[in-house]
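Structure record follows, encoded as structure tokens.
The values are calculated or read from the model by the stated rules, or taken from the named source; none is laboratory data. All values derive from a computational prediction rather than experimental measurement. Every residue, glycine among them, receives a Cβ derived from its backbone with ideal geometry; neighbour counts consider all protein chains shown. Note: accessible area is taken over every heavy atom of the protein model, side chains too, but ligands, DNA and RNA are not part of it. Shrake-Rupley method; radii C 1.70, N 1.55, O 1.52, S 1.80 Å.
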Amino acid sequence: MLDKVTKQKLVVIGNGMAGIRTVEALLERAPDLYDITVFGSEPYGNYNRILLSPVLAGEKTVDDIMLNTVDWYEDNNIALRKGETISMIDRRTCEVVTDAGDRVPYDRLLIATGSNPIMLPLPGKELPGVIGFRDIYDVDRMIKASTDYRNAVVIGGGLLGLEAANGLMKRGMNVTVVHLLDTLMERQLDPVAGGLLRKSLEERGMVFKMPAQTQAILGEDRVTGARFGDGTELAADLVVMAVGIRPNFELAKKAGLHCERGVVVSDTMQTYDGRIYAVGECVQHRRQTYGLVAPLFDQAKVCANHLAMKGFATYDGSVTSTKLKVTGIDLFSAGDFAPGPDKEEIVLQDANRGVYKRIILKDKKIVGAVLYGDTIDGPWYFQHLRDGTDVSHMRERLVFGAANLGEGGVSGQNSVAAMSDETEICGCNGVCKGAIVKAISEKKLFTLDDVRAHTKASSSCGSCTGLVEQVLAFTLGGDYSAAPKVKPLCKCTDHSHDDVRRVIIEQQLKTIPAVMRFMEWKTLNGCHSCRPALNYYLLATWPGEYRDDQQSRFINERVHANIQKDGTYSVVPRMWGGVTTPSELRAIADVAEKFNIPTVKVTGGQRIDLLGVKKEDLPAVWADLNDAGMVSGHAYAKGLRTVKTCVGSEWCRFGTQDSTGLGVKLEKFMWGSWTPAKVKLGVSGCPRNCAEATCKDVGVVCVDSGYEIHFAGAAGLHIKGTEFLTKVETEDETLEVIVALTQLYREEGWYLERMYKWCDRVGLEQIRKRVVDDVANRKALFGRFAHSQQFAQTDPWAERASRGVDRNEFAPLAELELA
Amino acid sequence: MTGWIEIGALDDIPRLGSRVVRTPGGNIAVFRTESDEVFALDDRCPHKGGPLSQGIVHNKRVTCPLHNFVIELASGQAVAPDEGCTHTHPAKVENGIVWLSVRQAAAVS
Ligand SMILES: Cc1cc2nc3c(=O)[nH]c(=O)nc-3n(C[C@H](O)[C@H](O)[C@H](O)COP(=O)(O)OP(=O)(O)OC[C@H]3O[C@@H](n4cnc5c(N)ncnc54)[C@H](O)[C@@H]3O)c2cc1C
Ligand code: SF4
Ligand code: SF4
Ligand code: FES
């Protein structure tokens with residue numbers, strides 16, 4: 001009882017998508033902070049408004065689209081007052097007043113009243129049969145009309161209008177869409193895509209009257225038709241107005257809160273009265289209002305954080321994307337696609353396939369995309385748009401999409417809808433389309449994360465993420481899957497990698513618990529994803545100061561060997577530049593025999609792998625290898641792995657420089673360094689490139705006149721040739737540039753982000769500027785790398801084999817002989 | 001089930017870490033949480049037998065090093081949506097000494 005008295009009261013006005021998402025997020029963060037009361041005019045729990053279109057089209061039922069049933073409110077101790085409308089906010093007494101005159105006090109108030117459909121002020125707009133398209137009540141009336149009448153007119157050729165028209169047509173009505181302009185969905189589509197859309201809707205039987213202005217609605221006791229600017233008339237028993245929405249802020253305005261086109265809020269979603277928050281379509285943030293759920297969910301998260309008194313997050317606005325939910329029509333649009341002098345366009349048009357793609361670039365970045373007919377790459381473009389990726393290096397192939405760039409999991413498929421249930425979507429985890437669809441519908445999943453957790457699809461390499469998002473969109477019909485604008489580091493926090501790295505430096509945080517405390521981690525000790533990331537960030541930020549936390553290291557890095565599927569380990573000694581000696585080989589052979597090591601294999605990185613070593617034998621194996629002068633090859637590390645070389649000018653008749661010698665020099669300088677993800681180098685003695693340097697993280701190709709430095713290649717899950725960074729004349733310069741480049745990556749890369757992904761994200765030009773052009777900066781980077789190497793270059797094997805470091809790790813705690 | 005057997009000092013197990021106890025029925029992993037609670041489980045992941053003792057420990061859970069199943073230390077249950085269960089054994093700490101009672105089930109798992 002006591003805590004009942006001390007709990008603060010939170011009142012929510014508006015039982016809709018944004019309001020309840022906020023409440024859900026709040027309960028996650030601070031389940032016991034508030035007594036919550038929710039008022040909603042509609043007589044239901046919270047439902048998925050987006051899916052009203054499929055309900056109208058008869059593809060789903062109202063029960064299918066319920067998000068929070070009445071039981072949910074009860075289970076969470078929330079007082080739901082459905083069917084009750086708030087008519088006044090009394091800020092003086094901190095109370096809300098219901099239309100029945102009931103007064104309910106609040107400590108904090110959340111306004112989430114959504115918006116109302118705009119009803120054009122035409123003569124006859126009050127007639128029965130003239131309706132908007134906003135809620136279950138509207139849908140019920142449309143369905144009723146479709147059984148009693150034949151002719152419908154939909155005013156408005158935007159997203160909502162077309163979805164309404166499609167639904168009514170599916171219900172057997174003759175539908176005419178009246179649109180003021182000559183392009184459908186002109187806010188999302190350019191004239192070409194709009195034309196394609198019109199054509200395919202016409203093929204399905206929809207009729208268009210456009211451009212046309214509606215002048216009057218005709219009828220006596222019920223609508224009978226509509227008259228237009230050109231004097232023509234159309235017969236109609238039902239008129240749906242879908243010309244736009246108006247944020248619903250009357251209540252707030254009456255209460256004296258500052259409103260313009262919506263309730264004006266700050267970056268923490270507070271109105272001018274700090275006790276009153278607002279989220280959703282009723283809100284105006286930095287001059288923007290929104291009419292799609294993805295940004296509203298971002299707002300909800302920020303608002304919930306603040307309500308939970310965790311004031312760290314702020315809302316910075318959102319970029320949105322749109323998908324039309326008309327079954328069988330693939331259409332995607334995002335960002336800004338109006339032509340402009342500073343913009344460039346890439347257009348692909350294939351009339352036969354009915355495909356149209358237009359990508360709009362500005363300053364080497366994607367700022368807009370319109371796709372019609374083949375939208376599989378929509379989420380991929382959108383991701384690059386939101387991330388502000390420099391796409392200049394993939395420009396020529398950009399319009400063909402992720403699959404063509406080697407980024408997509410599957411190529412040659414142009415619609416997930418057309419895929420069979422057996423089509424494998426996630427190659428890593430062997431998950432097929434049918435399994436994902438089943439999980440989404442049976443377990444009522446909404447987000448990419450849900451799907452990952454339940455099916456494991458897209459939870460490994462992530463190259464199928466776009467496809468999974470498509471399956472989600474196609475199964476749900478909405479665009480729920482839109483990834484959050486900034487990716488949180490992991491589920492334990494809302495903060496991004498960049499935020500975490502920045503705050504570590506700004507706040508001088510020097511331990512994992514300190515970071516977790518300051519940044520309000522949601523879990524006690526984090527998890528297997530964030531702990532290794534934080535350990536790396538601290539190690540890279542505070543060399544020599546931070547004490548490596550062994551318990552936050554993945555097992556391979558903790559025991560300096562690679563775990564195998566049977567729990568044994570593999571051991572790979574370093575072979576500088578891939579060069580070895582008879583005595584090293586002899587020592588390896590001896591070790592293999594002495595410890596009964598079952599497999600000895602040559603690796604792809606020019607070294608020798610001893611596989612199947614028992615954990616307790618590791619220190620002794622290392623001791624023998626150490627005695628022969630060998631050290632750890634860090635084959636297990638997110639760090640410098642191998643430097644692959646060819647024999648170069650020493651032996652090869654084509655060799656231009658001493659590629660082997662340079663490789664050894666690089667490896668000796670850089671070994672032992674920890675990096676966000678593994679780093680592999682290659683040095684070839686001439687452009688014949690026998691060391692395959694141009695698919696490495698960093699590669700050098702020697703030429704007569706010097707050294708070409710390349711980077712950001714990959715030859716794993718993805719295959720990608722390197723980017724040319726610069727050409728220098730001496731070995732020393734080569735070393736300096738490569739070391740500086742690696743240091744920049746160490747300072748800015750996200751944990752587990754390979755160099756090529758990092759380059760994709762921040763842009764080649766940016767990197768070149770700081771590593772090549774700005775010589776002072778290059779030298780500073782080089783200096784920081786060299787400094788941190790002082791603390792990194794101790795052989796972890798020797799420490800463990802002969803200096804007793806971590807002795808407990810390798811021995812059992814006890815051996816029991818149970819009777 | 002055996003009686004309580006002394007297996008070593010709490011300090012010999014790292015916080016948020018684990019050590020292995022050898023038994024004829026297979027290895028048992030003994031975990032220590034941040035707040036010095038101990039838990040004992042068969043050292044076999046319900047997924048494909050990965051050695052749980054080698055995983056990262058967080059709160060009262062461990063993540064298997066092979067394919068990231070997350071296992072509840074107290075119950076041995078895999079955290080949803082993964083499914084499966086590992087045998088647990090009673091374990092306790094008294095005056096800095098860790099005690100284990102081995103359930104014979106270890107032998108058959
Ligand atoms: C047919 C349709 C299709 C859509 N399709 C998409 C789509 O594909 N993708 C997408 O992103 N978005 C789509 N949207 C938009 C999306 O549904 C909205 O952006 C979202 O629902 C807005 O959430 P909200 O919480 O701000 O408002 P709402 O969900 O409208 O919730 C507001 C609630 O507050 C109640 N209320 C208002 N005033 C009061 C009061 N004084 N007292 C008590 N209760 C009150 C209202 O009755 C309502 O229930 C679609 C919308 C519609 C109508
Ligand atoms: S890359 Fe050139 S120098 Fe090196 S081995 Fe091949 S041909 Fe010879
Ligand atoms: S490719 Fe690599 S990860 Fe895959 S099975 Fe071979 S060694 Fe294992
Ligand atoms: S064996 Fe443990 S997750 Fe696969």
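Of A:F228, A:T271, A:V243, whose Cα points farthest to the positive end of the dipole of the stretch A:215-275 (charges on the beta-carbon: +1 Lys, Arg; -1 Asp, Glu; origin at the Cα centre)?
Most positive-ward Cα: A:T271.
Using the C-alpha gyration tensor of the stretch B:1-103, what are the square roots of 5 times its eigenvalues, in whole angstrom, with the largest one first?
21, 15, 11
Taking beta carbons within 10 Å but only from partner chains, what does the mean come to for residues B:50-60?
If you average over the peptide's residues, the count of other-chain Cβ atoms is 6.
At 7 Å along the Cα-to-beta-carbon direction for both B:S35 and A:E186, put a label point, then send me their distance in nm to one decimal.
The modelled label-to-label distance comes out at 6.3 nm.
Run the 1.4 Å probe and let me know the accessible area of A:V391, rounded to the nearest 10 Å².
0 Å²
What list of ³J(HN,Hα) couplings, whole Hz, do you get for the stretch A:292-307 from phi and the Karplus terms 6.51, -1.76, 1.60, once you set θ to phi - 60° and write x for glycine and proline?
Couplings: 10, 6, 3, x, 5, 5, 4, 4, 4, 5, 5, 4, 4, 4, 5, 4 Hz.
With each pseudo-label sitting 7 Å past Cα toward Cβ, what's the A:T147-A:Q349 distance in nm, one decimal?
Taking the two extended label points, one gets 4.6 nm.
Mind checking the mean number of beta-carbon atoms from other chains within 10 Å of the Cβ atoms in A:526-532?
So the per-residue partner count for this stretch is 5.
What number comes out for accessible area per residue over the stretch A:617-715 if the probe is 1.4 Å? Units Å², please.
Details: 3180 Å² over 99 residues.
Here the residues of the stretch A:617-715 average 32 Å² of exposed surface.
Mind checking B:19-30 for the average number of partner chain beta-carbons within 10 Å of each residue's beta-carbon? Let's see the in-between values first.
On the way: counts 6, 7, 5, 6, 5, 5, 2, 0, 2, 4, 1, 3.
Per-residue shielding by partner chains comes out at 4.
Per-residue counts of other Cβ atoms within 10 Å, averaged by peptide: what ranking do you get for A:78-89, A:348-359, highest first?
Highest mean packing first, the order is A:78-89, A:348-359.
Quick one: how many Å² of A:V728 are accessible to a 1.4 Å probe, rounded to 10?
Looks like 10 Å² after rounding.
Out of every Cα pair in chain A, what percent are spaced more than 54 Å from each other?
23 percent
Using only Cα atoms, tell me the angle between helix A:775-792 and the longest principal axis of chain A; keep it within 0 to 90° and round to the nearest 10.
Taking Cα atoms only, the helix is inclined about 70 degrees.
To the nearest 20 Debye, how big is the dipole of the stretch A:144-187 about its Cα centre, given +1 on the beta carbon of each Lys and Arg and -1 on that of each Asp and Glu?
That gives the stretch A:144-187 a dipole magnitude of about 220 debye.
What is the angle, in °, between the Cα long axis of helix A:378-387 and the longest principal axis of the Cα atoms in chain A? Nearest 10 is fine, range 0 to 90.
Approximately 70 degrees, to the nearest 10.
Any chance you could look up the accessible area of A:D330 with a 1.4 Å probe, heavy atoms only, rounded to 10 Å²?
40 Å²
Could you work out the helix-only [θ] at 222 nm for chain B, with each DSSP H run of four or more residues adding -39,500 (n - 2.57) and the total divided by the number of residues, to the nearest 500 deg cm²/dmol? Walk me through the intermediate numbers first.
Values: 1 runs with 4 residues, N = 109.
It lands at -500 deg cm²/dmol.
With contacts defined as alpha carbon pairs under 8 Å and 6 or more residues apart, what's the relative contact order of the stretch A:523-591 in percent?
17 percent
Using only the C-alpha atoms of the stretch A:128-188, find the volume of their convex hull and express it per residue in Å³.
Considering the Cα atoms of the stretch A:128-188, their hull volume per residue is 82 Å³.
Compare the Cα positions of A:A561, A:I512, A:V602 along the charge dipole of chain A (+1 at Cβ of Lys, Arg; -1 at Cβ of Asp, Glu; about the Cα centre) and return the one farthest towards the positive end.
Towards the positive end, the residue furthest out is A:I512.
State the extension gain, in nm to one decimal, for the chain segment bounded by A:E650 and A:N808, taking 0.36 nm per residue of separation less the distance between their alpha-carbons.
Taking A:E650 through A:N808 to full extension adds about 52.2 nm, to one decimal.
What share of the DSSP beta bridges in the protein assembly as shown is antiparallel, in percent to the nearest 5? Mind dumping the intermediate values first?
Working: 101 of 146 bridges.
The antiparallel fraction comes to roughly 70 percent.
Suppose all protein chains stay in the model; what accessible area per residue would a 1.4 Å probe give for chain B, in Å²? Mind showing how you got there, number by number?
Working: 4540 Å² over 109 residues.
Result: 42 Å² per residue.
Largest first, what is the accessible-area ranking of A:T493, A:T69 with a 1.4 Å probe?
A:T69, A:T493
Using only Cα atoms, find the angle between the long axis of helix A:17-29 and the longest principal axis of chain A, and express it within 0 to 90 degrees, rounded to the nearest 10.
40 degrees
Which parts of the stretch A:361-390 would a label at A:D316 reach, counting a residue when its backbone N lies under 13 Å from a point 7 Å out along Cα-to-Cβ?
Only A:386-389 fall inside the zone, counting backbone N under 13 Å.
Can you say what percent of the DSSP beta bridges in the stretch A:86-174, counting only those with both residues inside, are antiparallel? Round to 5.
On the way: 7 of 8 bridges.
The answer is about 90 percent antiparallel.
Provide Rg and Dmax in Å for the stretch A:482-536, with only Cα atoms included in the calculation.
Rg and Dmax of the stretch A:482-536, Cα atoms, are 10.6, 35 Å.
Under a crude label model (7 Å from the Cα following the beta-carbon direction), how far is A:T6 from A:A79 in nanometres?
Those two pseudo-labels are separated by 2.1 nm.
Using only alpha carbon pairs under 8 Å that are at least six residues apart, calculate the relative contact order of the stretch A:352-398 and give it in whole percent.
That works out to 34 percent.
Counting only protein heavy atoms, probe 1.4 Å: which residues of the stretch A:789-813 lose 30 Å² or more of accessible surface in the full assembly compared with their chain by itself?
A:N808, A:P812, A:L813
Given +1 on the Cβ of Lys and Arg, -1 on the Cβ of Asp and Glu, and no further charges, what dipole in debye does the stretch A:656-788 carry about its Cα centre, rounded to the nearest 20?
On the way: 18 positive and 19 negative charges, 93 e Å.
Charge dipole, the stretch A:656-788, about its Cα centre: 440 debye, nearest 20.
When the convex hull of the Cα atoms of the stretch A:495-620 is projected onto a plane and the area is averaged over all directions, what value comes out in nm²?
10.2 nm²
Evaluate the charge dipole of the protein assembly as shown about its Cα centre and quote only its size in Debye, nearest 20, assuming +1 on the Cβ of each Lys and Arg and -1 on the Cβ of each Asp and Glu.
With only Lys, Arg, Asp and Glu charged at Cβ, the dipole is about 380 debye.
Given a 1.4 Å probe and heavy atoms of the protein chains only, how would you sort A:T694, A:T423, largest accessible area at the top?
Working: A:T694 50, A:T423 30 Å².
The ranking, largest first, comes out as A:T694, A:T423.
Give me the extension gain from A:Y272 to A:E799: residue separation times 0.36 nm, minus the current Cα-Cα distance, reported in nm with one decimal.
That works out to 183.6 nm of additional length.
If I compute solvent accessible area with a 1.4 Å probe over the protein chains, what percent of it on chain A is carbon and sulfur? Mind dumping the intermediate values first?
Values: 17140 of 34310 Å².
Solvent-exposed carbon and sulfur of chain A make up 50 percent of the total.
What 222 nm value per residue comes from the helices of chain A, counting each DSSP H run with n ≥ 4 as -39,500 (n - 2.57) and dividing by all residues, nearest 500 deg cm²/dmol?
Values: 28 runs with 263 residues, N = 819.
The per-residue figure over chain A is -9000 deg cm²/dmol.
Could you order A:W542, A:W651 so the one with the most accessible surface comes first? Probe is 1.4 Å. Let's see the in-between values first.
Values: A:W542 30, A:W651 200 Å².
Result, largest first: A:W651, A:W542.
Checking an interface number: how much accessible area is buried between A and B, summed over both chains, with a 1.4 Å probe, in Å² rounded to 100?
Buried area between the two chains comes out at roughly 2800 Å².
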